[in-house]
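The values are calculated or read from the model by the stated rules, or taken from the named source; none is laboratory data. These numbers were taken from a predicted model, which means no experiment stands behind them. Positions of Cβ are generated from backbone atoms using ideal geometry, with glycine treated the same way; all protein chains shown enter the neighbour counts. Accessible surface areas use protein heavy atoms only, side chains included; no ligands, DNA or RNA. Shrake-Rupley method; radii C 1.70, N 1.55, O 1.52, S 1.80 Å.
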Amino acid sequence: RANQQRAFQPGPAQRFMKIGVLGAGQLGRMLALSGIPLGHEFIFYTDRKDSCAAVAGEVVHGEFDDKVKLAAFAGWVDVVTLEFENIPLSTLEYLAQHVTVYPNPVAVAAAQDRLDEKRLFDELGIPVASYHVIDSLQDLKALAPQQDGPYIIKTRRLGYDGKGQAVFSDASQASDIWFNLGEVPLIAEEKVPFSRELSIIAVRNPQGEIRYYPLCENRHQDGILAHTRVCRDSALQQQAESFAKRVLEKFDYVGVLTIELFDCDGKLVANEMAPRVHNSGHWSIEGASTSQFENHVRAVLDLPLGETAVLHDFHMYNLITKMPDSTALLSIPNLHLHDYNKTPAFRRKLGHLTVYPATGDTISRVEALLTTT
Ligand code: AMP
């Protein structure tokens, strides 16, 4: 009997892994919801009170400089990854002394600072908007917009969903912009005349295997992603994949990486990168052979990556500020609702839906429901 039991022991590869995730928001929740079916467990570490990932794993509350809690967390897990990028580099480096941290903290640090990111893209030959470094009000005044159009002024760090940004179109705005953005280091970017916004999501595992999702075409509203659908354009896809490959290989990157792009008449210009799963990839849960979340889990566990082929051309809509009526939404065929169980607040992402428009009026029904919310 003992022998029979031994025959059922897992092999040398550990079957059940504990994945530590820094952050406990919806991206962490969806990572866990994709990794649990593979048999793995998730533990989240967060410095915030609201943790919508809590339904999918234990949550450790601690500051990102609490070395005692971080060391304990590292001891409980097999690998650490992250669901948001603004984690101090010192935290990632400290954790990396105790446990494997994916992606590479150096890559995460580059994505935290818009100037470092621009310099990285420059170094890798990835086109970006022309930019100026602004370290003081004097620098901003000296840049007074000329006839060639306004500048987009952005804080170098901690900006997201259009926060930490201002349009600089007239020299008289310099002081207001400097003070409103918090008197912090800035970057001034040329306003790119793009026709549409795209993103490329790629994933790499420790073996160096890389998979790319098809380009996503993204529509924003008030600086927040509102809608995504897959964009099929082989020339653009080739450019985007080559950009992503350069970044992935530069850092020996493991996990999902996203690069946001502007399409300028068939020439792609990189805007920024996210060292994590991305809102523009949510369609892949229902729309791709393997979702971005499952592929991130596979990558950080050094497993073979899954196919990224599109199964159905799903549209993704974010549900922001207030949740629409779920009964009405669910009466629409081929619609999948993801409610993150978050307390509604102005401009907060509360959920998303994906819908496969098998019939002609599906999209108009969805959009009518979203606009009446
Ligand atoms: P970001 O936080 O950099 O993703 O910027 C938020 C949004 O602002 C982008 O999705 C674009 O719609 C717009 N934007 C940002 N940078 C530029 C730029 N240099 N030129 C034109 N539009 C921009």
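Listed values, structure above:
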read-out: Residue identified as within 15 Å of the ligand (Cβ to nearest atom), touching a Lys or Arg at 6+ places or on another chain (Cβ under 7 Å) and open to solvent by less than 20 Å² (accessible area, probe 1.4 Å) among GLU189, GLU217; value: GLU189
read-out: Checklist (1) open to solvent by 20 Å² or more (accessible area, probe 1.4 Å); (2) over 25 Å from the mean Cα position of the chain (by Cα) applied to ILE134, failing item; value: (1)
read-out: Some residue of region 66-76 being among the hydrophobic types (A, V, I, L, M, F, W, C), assigned to a loop (DSSP other than H, G, I, E, B) and farther than 28 Å from VAL167 by Cα; value: no
read-out: Selection count where residues are open to solvent by 40 Å² or more (accessible area, probe 1.4 Å) and either more than 11 Å from the ligand (Cβ to nearest atom) or over 21 Å from ALA109 (Cα atoms) (or both), scope region 159-174; value: 6
read-out: Cβ pairs under 8 Å, 6+ apart, first in region 343-368 and on the phi < 0 side of the Ramachandran plot and among the β-branched types (Val, Ile, Thr), second assigned to a helix (DSSP H, G or I) and open to solvent by less than 70 Å² (accessible area, probe 1.4 Å); value: THR354/ILE285; THR354/GLU286; THR354/GLY287; VAL355/THR362; VAL355/ILE363; VAL355/VAL366; VAL366/LEU329
read-out: Condition check for ASP116: without any contact (Cβ under 8 Å) to a residue 60 or more places away in the chain, out of contact with any helix residue (DSSP H, G or I) (no Cβ under 8 Å at 6 or more places or on another chain) and not aliphatic (A, V, I, L, M); value: no
read-out: Breaking point among (1) in a helix (DSSP H, G or I); (2) open to solvent by 20 Å² or more (accessible area, probe 1.4 Å), for GLU117; value: (2)
read-out: Residue count, region 92-109 (criterion: closer than 30 Å to VAL133 by Cα and open to solvent by less than 10 Å² (accessible area, probe 1.4 Å)); value: 4
read-out: Residue check, ARG196 touching a residue at least 40 places away in the same chain (Cβ under 8 Å), within 24 Å of PHE121 (Cβ to Cβ), of a type in the set (Lys, Arg) and within 16 Å of the ligand (Cβ to nearest atom); value: yes
read-out: Close pairs (9 angstrom Cβ cut-off, 6 or more residues apart or separate chains): acidic (Asp, Glu) in region 308-324, part of a strand (DSSP E or B) and open to solvent by less than 20 Å² (accessible area, probe 1.4 Å) anywhere; value: ASP313/VAL230
read-out: Top-ranked residue in region 176-186 [being in a loop (DSSP other than H, G, I, E, B) and crowded, with 16+ Cβ neighbours inside 10 Å; ranked as nearest to the ligand (Cβ to nearest atom)]; value: LEU181
